[in-house]
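The structure appears below as structure tokens.
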Amino acid sequence: MVNVLIVDDSVFMRTVIRDMIEKDPSINVVGTASNGIDALEKIKTLGPDLITLDIEMPKMDGIEVLRELRKITAVPKIIMLSSLTSKGAEMTVEAIRLGADDFMLKPTDMPHLREIGNELVAKIKHLVALKTVPSVAAKPGITHTAPAERILLIGSSAGGPPQLDVLLANLPADLPAVIVITQHMPVGFTAPLAARFNRLANMPVKETENGDILETGKIFVSKAGVHTIINAEINTSHVKTGRIVHSNSPPVHAVRPAVDKTFESAAKVYGKNAVCVILSGMGNDAGEGALAIKNAGGVCLICDEKDCLVYGMARSAIQKNAVNQVLPLRKLPDAIVRIIHTMEAEHV
């Protein structure tokens, strides 16, 4: 049984969150709090496994709660509830920096509020089961930076972040490839996502910037609001790698960044030295990109439907006959490592 404390200044939100998560018999709401001061007291007395924490509250906001929690040892797992605003994104970045484990975006329209229930339940169960994250400083990685001659591309949307946690935590620091993740997120929220992954992965993680050179042993999260395009880059040693170029071209499949855009551009640069992985996600984004990877001689892996919250993106690749293997989430890391190690680096 997972014991949860709900912290939100809105009576309506506390009621809705309780109703959503208590539909799962393994979750028990041990209490609620309307502000940070009340929350800190109830954390001490109720000892919850996890708290859902609103950011903007009277008396003491969620950021101040996180600062106070750093002073105690037995801290529950924390999911921040963020508003879909630029201020909400900035505060979420700060919340992750202060130790929050994950964040959830509140829909701006009330009719869609209850639609996040399944995802919230999945996040709660995933976080409580997740092992304690390693120190941010513990990033051995590859000791020297080198142009990446192999690439691992990951595409995901709804239900993707918990799967990415598992995948990134189980890929080795010495993987001889660069990793580019394209996860559908609202503008402003890929920076906190990258910061969160940086606490779990064995390699350094950052949000993409225009002009980033793709280097072995690094992980990039595609910045929301722009497409991540990968262009060819040849260094002074005549080694071909990739360079990130941000594009403001129109959304594809109603999203920007689009997985298809990243996969298709990477196929032209990396060819048979590209592996793409498609995780949970709604819609058709990824199918065309996966086909481009396969046609260029690369490999496409998709996660088994049983492990996905939504199977639209993976199914789009199946419909294009672009899939080499369908694997359970737990088997993906080993398969990725094995495939990447069989690839031969190419000089131009």
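The values are calculated or read from the model by the stated rules, or taken from the named source; none is laboratory data. All of these numbers come straight from a predicted model, not from anything done at the bench. Neighbour counts run over all protein chains shown; Cβ positions are idealised from the backbone, glycine included.
Among the residues making up segment 195-221, those that are touching a Ser or Thr at 6+ places or on another chain (Cβ under 8 Å), touching a residue at least 24 places away in the same chain (Cβ under 8 Å) and either acidic (Asp, Glu) or at positive phi (or both) are Glu215, Gly217. Among residues of segment 264-280 being part of a helix (DSSP H, G or I) and among the hydroxyl-bearing types (Ser, Thr, Tyr), the one that is nearest to Glu149 (Cα to Cα) is Tyr270.
Taking segment 48-59 as the range and being surrounded by fewer than 21 Cβ atoms within 10 Å (Cβ to Cβ) and either assigned to a helix (DSSP H, G or I) or modelled with pLDDT under 95 (or both) as the test, the residues that pass are Glu56, Pro58, Lys59.
The set of residues from segment 217-262 being β-branched (Val, Ile, Thr) and more than 23 Å from Glu149 (Cα to Cα) comprises Val226, Val252, Val255.
Here is the figure for segment 4-51: residues that are touching an Asp or Glu at 6+ places or on another chain (Cβ under 8 Å) and either of a type in the set (D, E, K, R) or farther than 17 Å from Glu68 by Cα (or both) total 10.
Within segment 282-295, is even one residue closer than 21 Å to Asn170 by Cβ and surrounded by fewer than 19 Cβ atoms within 10 Å (Cβ to Cβ)?
No, segment 282-295 contains no residue that is closer than 21 Å to Asn170 by Cβ and surrounded by fewer than 19 Cβ atoms within 10 Å (Cβ to Cβ).
For segment 277-293, indicate whether the set of residues that are among the acidic types (Asp, Glu), outside the structural domain of Ala122 (by TED's automatic domain parsing) and more than 19 Å from the chain's Cα centre (by Cα) is non-empty. So far as segment 277-293 goes, yes, one or more of its residues are among the acidic types (Asp, Glu), outside the structural domain of Ala122 (by TED's automatic domain parsing) and more than 19 Å from the chain's Cα centre (by Cα). Only one entry in Ser26, Ser34 is within 25 Å of the chain's Cα centre (by Cα), assigned by TED's automatic domain parsing to the domain that holds Ala95, surrounded by fewer than 23 Cβ atoms within 10 Å (Cβ to Cβ) and not charged (D, E, K, R), namely Ser26.
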